Amino acid sequence: MDAALVRGIPRLVPRHHLPNGILPLASNTTTAPAFPWAGLLVLAGAIFVSVTSEFLPTGLLPDMAGELEVSESRIGLLVTIFAGTVVVSTTPLAALTRRYSRKYLVVIVLLVVATGNVLAAIAPTYEILVGARIIGGLAHGLFWAVVGAYAAHLVPKHQIGRAVAITSGGGTAAFVLGVPLGTALGHALGWRLAFATIGVIVVVLAILVLRFLPAVDHRVTLATGEIPMPLRKDRSIPGVIVLCFVIIVVMTGHNLFYTYIAPWLITEGGFAEDSIAILLFLFGGAGAIGLVLAGLVSDRFPRGGMIVATAVVAVAVLVMALWSGSQVVIVASLVVWGIAFGGLPAMLQTRMLHTASARMRDLAAALFTTSFNFAIGFGALVGGLLLDQVGIITLPFVDVVIIAVGVVFMIVSNLWLSARAKRARIA
């Protein structure tokens with residue numbers, strides 16, 4: 001018999017070696033890879049310190065302004081400078097580094113983030129502090145461009161929503177714990193120590209990334225005879241652009257009001273100033289619940305879940321604005337708002353990773369970060385203009401209108417993208 005044929009026949013174990021003379025069957029059973037908990041939790045930790053670093057100046061604003069002898073508005077400008085740097089630099093840096101190892105790029109970027117925080121801690125002047133924040137913004141944008149797509153490289157496509165929900169937990173924890181704890185540390189021991197502490201923690205996270213984060217191959221291998229297509233002709237680009245527009249609209253509406261939620265709660269809701277921290281902690285805790293729910297629905301209902309969550313945000317804000325005279329209604333609406341919004345960034349990120357082709361994921365993650373940070377800065381700017389020109393009472397109503405436009409656009413764009421995909425299959 002031909003040797004090649006012999007090699008193709010499974011070797012049978014003799015009958016006398018088996019109980020009751022039963023012959024074995026060839027097994028094709030394969031063990032599914034274990035869910036990468038360690039790697040995802042390390043990514044969540046890295047996101048936690050990165051987001052805490054980004055928003056730390058907001059809690060330490062009076063302390064920093066007093067020591068550096070500048071106005072509080074100039075310290076507040078540090079957040080705008082940071083976000084602006086992210087918007088301008090993320091996509092170009094992602095394109096320049098697309099061929100480099102994702103794992104080691106995360107490590108390098110974290111070390112640059114740590115450097116920016118240490119420079120901020122020792123900055124003798126406001127100008128040097130601005131330079132430190134620019135360094136941090138450059139690293140933060142590239143960090144999100146890489147980390148935003150990393151979860152999709154670690155798990156199969158049907159588990160992306162679950163993986164993104166876990167890594168996004170780091171961002172939620174930063175708002176619930178990181179920024180408040182950093183603020184408390186800065187008030188107690190000085191704002192410089194707070195920045196230095198964050199820098200040290202970032203270095204620790206970089207070491208954990210080296211130890212526990214699995215390396216991934218983010219490059220797409222072409223099949224034999226396949227001709228590489230320019231990235232600009234990728235069929236997933238229209239869907240990615242649509243999602244970027246959704247992010248800009250929805251997050252602009254959200255940040256337009258949320259940036260000034262504290263003065264609104266005081267002036268319109270009648271809450272005491274010392275209760276605002278508790279209310280914001282309540283909002284953040286509700287957001288953690290929303291993040292868990294997002295992990296459950298993102299993979300099963302990627303489009304419907306996102307539309308429902310966004311619509312609930314609009315309804316909650318509208319109820320809060322219409323019944324601003326009732327503190328009970330405000331608190332209840334704040335919780336509902338937090339639950340609905342808490343999972344929305346994770347849903348948007350999951351949808352982006354599902355929409356983008358495999359070779360577009362890193363660029364899509366960079367565009368996601370750029371759109372998000374643009375909306376943060378633009379929403380705060382528009383909200384500030386409305387606050388000065390019209391009054392704070394208008395902010396939630398404008399928020400609702402903009403988010404409602406986002407919901408309508410989601411529905412229309414989903415129909416258009418579905419029709420487009422159907423035509424492509426027929427062709």
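The values are calculated or read from the model by the stated rules, or taken from the named source; none is laboratory data. Computed from a predicted structure; not experimentally measured. Please note: Cβ atoms are built from the backbone with ideal geometry, for glycine as well, and neighbour counts cover all protein chains shown. All accessible areas refer to the heavy atoms of the entire protein, side chains included, with ligands and DNA or RNA removed. Shrake-Rupley method; radii C 1.70, N 1.55, O 1.52, S 1.80 Å.
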Checklist entry - What is the distance, in nm, between label points placed 7 Å from the Cα along the Cα-to-Cβ direction at THR125 and at ALA188? => result 3.4
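If contacts are Cα pairs under 8 angstrom and at least 6 residues apart, what is the relative contact order of segment 97-226 in percent?
It comes to 44 percent, rounded to a whole number.
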Checklist entry - Taking the Cα atoms of segment 167-214, what is the range of coordinates along each of the three principal axes, in descending order and whole Å? => result 38, 21, 8
Checklist entry - Suppose R0 equals 60 Å; then what is the FRET efficiency for ARG303 and ALA272 from their Cβ-Cβ distance, rounded to the nearest 0.05? => result 0.90
Next on the checklist: Two decimals, Cα atoms only, Kirkwood Rh: what is Rg/Rh over segment 276-409?
Outcome noted: 1.00
Checklist entry - Under a plain spin-label model, where a point goes 7 Å from the Cα along Cα-to-Cβ, how far apart in nm are SER71 and ASP388? => result 0.9
Checklist outcome for this item: Note on segment 37-145: C-alpha Rg/Rh, Kirkwood Rh, two decimals, gives 1.01
Checklist entry - For segment 237-298, what is the convex hull (Cα atoms) projected area averaged across all directions, in square nanometres? => result 5.4
Checklist entry - What does the charge count near MET320 come to, summing +1 for each Lys or Arg and -1 for each Asp or Glu among other residues with Cβ under 11 Å from its Cβ? => result -2
Item to check | FRET efficiency, 1/(1 + (r/R0)^6) with R0 60 Å, evaluated for LEU111 and LYS422 via beta carbons | outcome: 0.80
Next on the checklist: Leaving out ligands and nucleic acids, and using a 1.4 Å probe, what accessible area per residue does segment 336-404 come to in Å²?
Outcome noted: 33
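Which net charge results for the neighbourhood of LEU213, defined as the other residues with beta-carbon distances under 11 angstrom from its beta-carbon, given Lys and Arg at +1 and Asp and Glu at -1? List each step's numbers first, then the result.
Values: positive: ARG102, LYS103, ARG211; negative: none.
Local net charge: +3.
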Checklist entry - Cα centroids of segment 288-345 and segment 140-186: how far apart, whole angstrom? => result 20
Checklist entry - If r is the Cβ-Cβ distance from LEU181 to VAL408 and R0 is 41 Å, what FRET efficiency results, to the nearest 0.05? => result 0.55
Checklist entry - Rounded, prolate or oblate: which fits segment 241-340 when a ≥ b ≥ c are the square roots of the eigenvalues of the alpha-carbon gyration tensor, with rounded for a/c under 1.5 and prolate only if a/b beats b/c? => result prolate
Checklist entry - Put a dot 7 Å past each Cα toward the Cβ at ARG99 and HIS158; how far apart are the dots in nm? => result 3.7
